[in-house]
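Structure first, then comments.
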Amino acid sequence: MKTLEKKVVIITGASRGIGAALALRLAADGFKVVVNYAGSAGPAQAVADKVKAAGGEAIVAQADVADPAAVIAMFDAAERAFGGVDVVVNCAGIMKLAKIAECDDTTFDQTVAINLKGTFNVCREAAKRLRNGGRIINLSSSVIGVRLPSYGIYIATKAAVEGLTQVLAQEMRGRGISVNAVAPGPVATELFLDGKSAELIDHMAKMNPLERLGQPDDIAQVVAFLAGPEGGWVNGQTIRANGGMC
Ligand code: NDP
């Protein structure tokens, strides 16, 4: 384990995918980890158990990030367990693809509620409750830069997240808290792979000059840099971690 003083991180959407990889990585870096999930209790507990098996500390915290009261309760649980919170990573997200002309109200409302309002709910609570010197890291998406048809609502929420990130970084003046976004290209998780043909996955994997899909660990490493002591001078930025796709 590296010589990082034990800080506390809440990772939303940490039951699988990028959030789960990040939980294991930040625990190995010395963080106490709050593994958030909405519905996947078993997988979230498995992530926390893996952290503990490796000698780390973790709790699970159920909260639908779209629900402000649930987000407050999640911070309460983190403070009860670990005495405070230093870092939050907004990984919880959904991606439902539909052309704008064909997008129904439910898809629009759900995507905005989880990706945008959820990130806002967690950022608002973090801005009030993070210990000085903390970090807020939001997951955006590099698909903003490639403007793919059917990604309109998803892209709209992620563009809004980048906007929140820039302004919150300014609003944290005097607290020593940095606020950044990480915008992955396609990463081999359920969110990306579900519903796509092998041909489409292969095509999208080759959109970047490194000619492969990102893996959850590729993104966890970038977030870990921002969350750790060496990333402290990066503030108000979006890091596009996408193999050079755009
Ligand atoms: P996954 O689908 O693999 O995991 C999503 C996670 O979010 C799960 O843990 C899920 O838990 C949780 N979640 C979903 N809705 C909610 C909610 N309302 N409240 C709390 N948790 C919730 O996604 P990825 O790991 O791929 O994506 C993580 C982030 O990275 C997302 O914000 C995504 O937009 C972004 N991203 C992903 C890319 C990719 O190609 N994979 C590319 C660019 C960005 P549960 O099952 O319990 O709901």
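Here, each number is a calculation from the coordinates, and none is a lab measurement. Fair warning: this is a prediction, and the values are worked out from it, not measured in the lab. Cβ placement follows ideal geometry from the backbone for every residue including glycine, while neighbour counts extend to all protein chains displayed.
The table that follows gives values for the structure above.
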read-out: GNM flexibility winner over the chain from ALA73, ALA198, ALA41 (Cα, springs under 10 Å); value: ALA198
read-out: Calculated over segment 114-246: convex hull of Cα atoms, volume per residue (Å³); value: 106 Å³
read-out: Cβ crowding within 10 Å averaged over residues, with 46-58, 77-89 ranked highest first; value: 77-89, 46-58
read-out: Exceeding the 30 Å Cα-Cα cut-off - candidates LYS32/LYS196; LYS158/LYS196; LYS7/LYS158; LYS6/LYS206; LYS96/LYS206; value: LYS32/LYS196; LYS6/LYS206
read-out: Only Lys, Arg (+1) and Asp, Glu (-1) charged, at Cβ; the chain dipole about Cα centre in debye; value: 620 debye
read-out: Area projected by the alpha carbon convex hull of segment 1-126, averaged over all directions, nm²; value: 7.7 nm²
read-out: Within-10-Å neighbourhood charge of GLY56 [Cβ basis; K, R +1; D, E -1]; value: +2
read-out: Candidates ASN132, ASN36, ASN121, ranked by Gaussian network fluctuation over the chain, Cα under 10 Å, top entry; value: ASN132
read-out: Extension gain, VAL146 back to ARG124 (0.36 nm per residue minus Cα-Cα distance, nm); value: 5.0 nm
read-out: Kirkwood-type radius of the chain, with distances r between different C-alpha atoms, in Å; value: 17.9 Å
read-out: Degrees between helix 41-53 axis and first principal axis of the chain (Cα, 0 to 90, nearest 10); value: 50 degrees
